[in-house]
1. How big is the accessible area of Lys146 in square angstrom, nearest 10, if you roll a 1.4 angstrom probe over the protein chains?
2. Keeping the other protein chains in place, figure out the carbon and sulfur percent of the accessible area of the chain, with a 1.4 Å probe.
3. What is the dipole size for the chain, taken about its Cα centre, with +1 at each Lys and Arg Cβ and -1 at each Asp and Glu Cβ, in debye to the nearest 20?
4. Among Phe325, Phe21, Phe398, which one shows the highest mean-square fluctuation when the chain is modelled as a Gaussian network with alpha-carbon springs under 10 Å?
5. Give, in nm to one decimal, the length gained when the segment between Thr140 and Leu287 is fully stretched (0.36 nm per residue of separation minus the Cα-Cα distance).
6. Roughly how many Å² is the accessible area per residue of the chain, as a whole number, for a 1.4 Å probe?
7. For Rg/Rh (Cα atoms, Kirkwood Rh), pick the label among [x] 0.96; [y] 1.12; [z] 1.07 that corresponds to the value derived from the coordinates.
8. Please give the FRET efficiency for Ala212 paired with Ala97, using the beta carbon to beta carbon distance and R0 = 56 Å, rounded to the nearest 0.05.
Amino acid sequence: MKSKGKAITLLSILCVVLAFFLVMTFIAFPIGAKDKYEGVLGAIEFDYDVNGGVAVTYELAPDSEVVENVDEVIETLSYRLSALGYKAFSIKAIKDANVENSEYDIRIETRKTNSVSSDLDTVMKYGTVQFFGGTTEDPTDEILTKQSAVADAWYIGEGATESGRIYQVGLKFTDYGYNTLKELVKTASEGENAESYYLKIVLGDKVILSPAAITLDGITDKTVYLSRESADEARRVALQLKSGGLEYKYKIKEDTKMETITAMYGVNARLYSLIVAGSVLLLAIALMFVAYKGYGFISMLAMFTYVVTELGMMIAVPGIVVSLFGIIGMVAGGLLTSACLAITANKIREEMKNGRTVKSAIRAGYRRSLLTVVSACVISGVVGLLTFVFGGGAIQSFGIALGIGAVVSALCVLLISRMFAEIVIPLIKTPEKFFDVKKEDI
């Protein structure tokens, strides 16, 4: 009796906690002094395809060369947007049919971010990367170009210094670029009139690297490290150093500005997709109730835990932007959880039919289903990883959501559902009814 009372108390507390997080998922609540999110779902960053964004139209500048192949321009712009972290976007070439021999305008539609204006400026930047060097603090001697000097450039990540946080970019020189710079630095630092050698990097009319003193000790494995004050700026610099500028010069079209647009899949795309996703998971829970009776209640608690945890991870993990494919990935993880719970329930039933007590059958059932559950989750996680690595654009969101979902699923099935099952054991009066096992089968 004492054990039954403890089980009821503990189960009640856990259900209240789970219910609290479920409510917080869907109702509005404030975070901080100014921001207010529409529940956890409002705190998740959704992509342009389901949540809308912004659009900018560019036209070819009068002093630009004529575009020979607009498809190549679109391909280049797509690569650049992807490199800056944009996944769901639309790039269209638009021509005025009423104007003879008119050039294509470029219209870019993507999600709205705090840095979207600067990012689009970087994506559309015209010009070539040039390296200037000299012994003055404002070098003017052109020594290298991107084609001859740059082997690779990439965003490294966040770091800490005594003065605060910094965001680093790696710039690796080619053999020719490194050897040329090495000789210039050595020449400047030798002799009676030794001076520091300064390097400046420019793209078109923009200075990427302000004049900085370069030493051979500061170049490791032909690589120099540049620091920026924000991650967005560091990513833009890495992209500029790696890919340079556009071959053609564009400007924002006259009489237009950045406009707010609806989602790619419709005004209510996010709402409808979440309703469908929720309906699928609720159907899975209902089927578990029908098929496994009392164990369906345990499955419901485990499934709700999956939903809360998965959505929480979409907020907690930095840089995740959820597209329609991401929502599909979360649903796939939920269905994986449901399937693994069904496997476990069947194993428990088999153990009860073999004459085990309910407590022994639950433990044996979880032990026997362990390999199958782990294998299913590992395979799903690998599929998610491969989709993220080799998939392009918005489909990477599916890989992220499914990969995280596979891990959360394993935890919910092997730990959370078992915890609930152990708590419920003292409350089970008729194990046969609870697990829908006929007496004649035992």
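1. That residue has around 40 Å² of solvent-accessible surface.
2. On the way: 12960 of 22970 Å².
Here it works out to 56 percent.
3. Values: 44 positive and 49 negative charges, 821 e Å.
The calculation lands at about 3940 debye.
4. The residue with the greatest mean-square fluctuation here is Phe21.
5. On the way: separation 147, 0.36 × 147 = 52.92 nm, distance 7.31 nm.
Fully extending the segment from Thr140 to Leu287 adds 45.6 nm.
6. Details: 22970 Å² over 442 residues.
Computed with neighbouring chains in place, this is 52 Å² per residue.
7. [y]
8. Details: r = 51 Å, r/R0 = 0.91.
The computed FRET efficiency comes out at 0.65.
The values are calculated or read from the model by the stated rules, or taken from the named source; none is laboratory data. Since this is a predicted model, take the numbers as computed values, not measurements. FYI the Cβ positions are ideal-geometry reconstructions off the backbone, even for glycines, and counts take in every protein chain you see. Side chains are part of the model used for accessible areas, which takes the heavy atoms of the whole protein and leaves out ligands, DNA and RNA. Shrake-Rupley method; radii C 1.70, N 1.55, O 1.52, S 1.80 Å.
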